[in-house]
Every structure is written in C-alpha cells, then in structure tokens.
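So the structure is just underneath, and the comments pick up after that.
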Amino acid sequence: MQTFFPRATYYFTSLSQANSPKPKMSYKTQYFPQQLDHFTFQPNSYKIFYQKYLINNHYWQHGAPIFVYTGNEGDIEWFAANTGFLLDIAPKFRALLVFIEHRFYGESMPFGKDSYNSAETLGYLNSQQALADYAVLIRSLKQNLSSEASPVVVFGGSYGGMLAAWFRLKYPHIAIGALASSAPILHFDDITPRSSFYDAVSQDFKDASLNCFEVIKGSWAELEALSAQKGGLVELSRTFRTCKDLHSMSSAWDWLWSAFTYTAMVNYPMKANFLKPLPAYPVKQMCNIIDGFPPGASKLSRVFAAASLYYNYSRTEKCFNLENEPDAHGVRGWDWQACTEMVMPMTCSNESMFPPSGFDYKEFVQQCMKRYGVLPRPHWITTEFGGKVSTSLLMNSVTGSFDDPFSCHLPTR
C-alpha cells in the first residue's frame with residue numbers, strides 16, 4: 001500500500017458533518033480581486049477571481065506590525081479558529097491580524113464550481129501562484145491602510161508553514177520574518193529518509209506504551225485475515241459499527257491508519273478541536289484504552305476502541321461512516337498538488353507499527369496521469385525554493401516539537 005503526504009479523507013471529515021468552527025475573536029471577511037496568473041502576460045492571465053481573507057484590527061495601532069497567516073489547503077475560517085497564538089501575541093505588538101485563504105480552497109475558487117474540472121483550470125493551483133497572491137494582497141492592504149511602514153511577519157503551520165517559510169525566502173522585501181510551525185520543508189528529493197514520518201508516529205505510540213505499539217502493529221494482519229474469511233466484510237462492518245456495510249477492507253484499513261496518524265500529529269498537551277475534538281495527550285489516552293482491555297481480547301477490538309477516541313471523543317455517534325465521506329473543509333485540491341509539485345513520498349520501515357511499504361514512482365506517475373493527465377515534477381520544489389541550501393536562512397523561523405511526526409523534516413542547527 002502506497003503512502004504519501006498524509007491527507008486522507010478522515011483528516012477533514014467527521015461522523016456527522018459540522019461546519020468549520022468560527023474564530024474565537026470576530027474577523028471581518030473581505031474579498032480581494034486577485035489576478036489568475038502572476039507569471040505570464042497572456043490574455044487569460046488577467047482573469048480576476050475573488051480571494052477571501054479575514055482581518056481583525058481590534059488591537060491594531062497604525063504603523064504597528066501586520067501578522068499574516070498564509071492559508072493552507074482548506075477554508076480559512078478553519079485555520080483562524082485554530083490559531084490562538086496570533087491572538088495571544090497581538091495585544092503585545094498592537095498587531096493587525098490577517099488570514100488569507102489559499103487559491104482553489106474554501107471560497108477562493110478562480111473558476112467557481114468548475115475550478116476542479118480539469119488540468120486546464122487546476123494548472124493555476126500551485127505554491128508559487130499562492131505566494132504571489134499573498135504578496136499582491138499584502139502590498140495592496142498596506143497601501144489602502146496608509147501604513148506602508150508597518151512590518152509584516154508571516155505565520156503558518158504544516159503546508160501553511162512551508163508557505164510562510166518560502167514567502168520569507170521569495171519576498172524578503174515584503175516580510176521581515178516568518179514563523180513556520182511543523183513545516184516539513186526538507187521532505188523533498190530524499191533530503192530526509194522517506195520512512196521518517198511513520199517511524200516518528202510509531203515512536204510516539206511506543207513511548208506511550210510498548211504493548212499499545214505491539215497491538216497496533218499486529219492488528220493489520222488480523223484485519224486482513226478477518227476480511228478474507230467468508231462473510232468477513234459483514235463481520236468487519238459489525239466490529240467497526242459502520243452505518244452501512246463495508247464494500248472493501250481498505251475502508252477500515254484507512255480509517256484506522258488515519259486515526260493513529262492524525263492523533264500523533266495533534267498530540268497536544270491540552271484539549272483541542274483542530275482535526276477532531278480530542279483530550280490532552282490523545283496518544284496516551286488511546287494507549288490507555290488499548291492497555292485496558294482484558295487478556296484474550298482481539299487486537300481489532302482494541303484498535304477500534306482506540307480509534308473511536310479520535311472519531312467519537314464526544315460520544316455522540318451511534319455508527320461510523322467509513323466510505324464516501326464528503327469534503328467537509330474544501331480540500332480536494334491537495335490531490336492535484338501532490339500529483340504535480342508537492343511530491344512527498346512516504347514509506348514504512350520494519351520499525352514502524354504500520355505494515356512495511358515502499359514507494360513505486362512509476363505507479364505513482366500512472367495514478368497521476370490517469371486522474372489528471374499530468375506528470376509529477378518531483379524536483380521542482382527544491383529547484384524553486386532550495387533544499388538544504390535554503391535552510392540557513394530559515395533557522396530562526398521553522399519550529400516543531402520533538403514528538404511532532406514532521407520534526408524529522410525540519411531544519412536543525
């Protein structure tokens with residue numbers, strides 16, 4: 001089973017779909033007339049679409065800093081609602097807060113409902129166009145506010161953090177600094193080992209409980225064995241309390257895989273509600289569930305109960321939808337980016353709690369060609385932004401904790 005930069009369906013959906021949480025402090029919603037193509041002078045390049053951004057001037061003092069969040073792959077309210085750090089520091093710096101939505105996500109659709117229709121429209125979805133969007137919008141905003149002297153600092157997390165770091169590299173005359181959290185800017189061209197991410201996820205669970213790690217590691221074979229039996233999918237549907245009978249074992253496989261992966265990614269020391277409502281230290285809580293089962297309990301029953309913490313911590317769901325989940329946060333465009341410039345292959349080593357897997361580049365190319373009719377450009381990111389060469393400029397701006405699965409792809413001193 002191939003593994004790539006994790007953007008599984010379950011990352012963005014919930015059992016009963018809820019709207020994106022609203023930011024803790026009110027933001028004014030604005031729409032900026034953005035140019036479609038910043039890098040050519042063809043007639044089509046001048047097409048205008050309206051890019052959404054959120055702005056809060058509650059603490060702002062004219063001439064004070066402007067803190068800009070470089071939007072990720074999703075609707076911008078989602079990120080504004082889960083980025084409390086900017087609200088924490090805004091009073092001290094008298095800062096203006098701005099959250100800019102990434103093109104082709106949320107409401108910022110250059111071609112409206114047709115934006116994802118073909119490679120001809122999706123071809124305008126890439127990191128370079130997004131960075132140029134941010135640069136144009138920031139310059140216009142400063143002019144309109146008559147605050148050209150206000151210093152700009154960009155912020156972001158994960159892919160948004162990568163954009164923040166790259167923005168500082170590409171537009172140093174616009175941003176004086178960047179704070180990029182959990183931004184795997186070295187996860188290209190084999191700068192770091194491909195197995196690092198899932199090794200780190202596995203280590204988080206192993207650190208919490210060796211037994212927990214071993215149960216999860218052994219559950220995949222148990223899942224395969226059950227599904228291969230006559231009536232196995234029916235039994236699997238019953239075990240996983242699905243709302244509808246499963247058509248494939250892979251649905252249960254992905255459901256479990258996503259729960260463990262994303263719980264490690266949001267293993268915060270406090271309650272949080274970014275991907276899902278979760279308790280503090282959710283990895284430890286999952287392992288407590290697994291370790292609390294009596295002897296003789298199946299591995300599948302244990303991992304199902306643990307994964308349910310991720311999907312149903314609120315205990316409001318009677319059943320689980322494992323198949324055909326809708327795109328709750330408007331993130332479909334990431335699949336295009338992963339097939340074009342964001343080629344970040346992941347593998348699983350024998351040390352992982354996930355089954356060992358490799359990366360077949362030819363198969364990956366075939367999948368992208370079949371879906372979009374385009375060839376990936378695996379070396380483009382390091383060509384455009386640099387790999388190790390660029391990290392010396394970013395040492396003070398890229399951050400991540402040691403138990404963050406992406407920490408292995410961050411520059412270190």
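Annotations
- For the range 187-199, Karplus couplings with θ = phi - 60° (6.51, -1.76, 1.60), whole Hz, Gly/Pro x: 8, 9, 6, 6, 5, 10, x, 5, 8, 4, 4, 6, 5
- A full extension of the chain between A305 and D37 corresponds to an added length of 91.7 nm, given 0.36 nm per residue minus the alpha carbon distance.
- Kirkwood radius for the range 28-181, taken over all pairs of different Cα atoms as the inverse mean of 1/r, rounds to 15.6 Å.
- Sorting L309, L278 from the fewest to the most surrounding beta carbons within 10 angstrom yields L309, L278.
- Flagged links, alpha-carbon separation over 23 Å, of K276/K318; K230/K299; K92/K388; K206/K388; K284/K388: K92/K388; K206/K388; K284/K388
- Computed from the C-beta positions of F293 and K370, the FRET efficiency with R₀ = 56 Å rounds to 0.85.
- By the helix-only formula, in which each DSSP H run with n ≥ 4 contributes -39500 (n - 2.57) and the sum is divided by residues, the chain has a 222 nm mean residue ellipticity of -11500 deg cm²/dmol.
- Set of aspartates and glutamates near K28 by C-alpha distance (under 13 Å), chain-local residues within fewer than 8 positions excluded: E77
- Annotation: amide H of F32 within the under-5 Å range of Q51, K52, Y53, sequence separation 5 or more or interchain, hydrogens built in the peptide plane.
- Relative packing of peptides 286-299, 36-49, 95-108, 58-71 - highest average C-beta neighbours within 10 Å first: 95-108, 58-71, 286-299, 36-49
- Expressed to the nearest 5 percent, the antiparallel share of DSSP beta bridges inside the chain is 50 percent.
- In order through the range 347-359: 3J(HN,Hα) via Karplus (6.51 cos²θ - 1.76 cosθ + 1.60), integer Hz, x for Gly, Pro: 10, 10, 8, 5, 7, 7, 7, 9, x, x, 8, x, 10
- A simple rule links phi to the HN-Hα coupling: the Karplus curve 6.51 cos²θ - 1.76 cosθ + 1.60 with θ = phi - 60°, which for the range 32-47 gives 9, x, 9, 7, 5, 10, 8, 10, 10, 10, 6, x, 5, 5, 8, 4 Hz, with x for Gly and Pro.
- In nm, spacing of pseudo-spin labels at S45 and Y268 (7 Å Cα→C-beta vector): 4.1
- The charge dipole of the range 32-151, taken about its Cα centre with unit charges on the Cβ of Lys, Arg, Asp and Glu (plus for the first two, minus for the last two), comes to roughly 380 debye.
- Annotation: extensible slack from D189 through L145 equals 11.7 nm (criterion: 0.36 nm per residue apart, minus Cα-Cα distance).
- Stretching the chain fully between H173 and E222 yields a gain of 12.0 nm (0.36 nm per residue, less the alpha carbon separation).
- Ranking of V266, V343 by neighbouring Cβ atoms within 10 Å, starting from the fewest: V266, V343.
- Angle in degrees between helix 361-372 and the longest Cα principal axis of the chain, rounded to the nearest 10: 70
- Annotation: amide H of F320 within the under-5 Å range of T242, C243, sequence separation 5 or more or interchain, hydrogens built in the peptide plane.
- Residues Y116, Y53 in ascending order of nearby Cβ atoms (within 10 Å, fewest first): Y116, Y53.
Each reported figure results from applying straightforward, stated rules to the coordinates on display, with no laboratory input. Just so you know, these numbers come straight off a predicted model, no measurement behind them. Neighbour counts run over all protein chains shown; Cβ positions are idealised from the backbone, glycine included.
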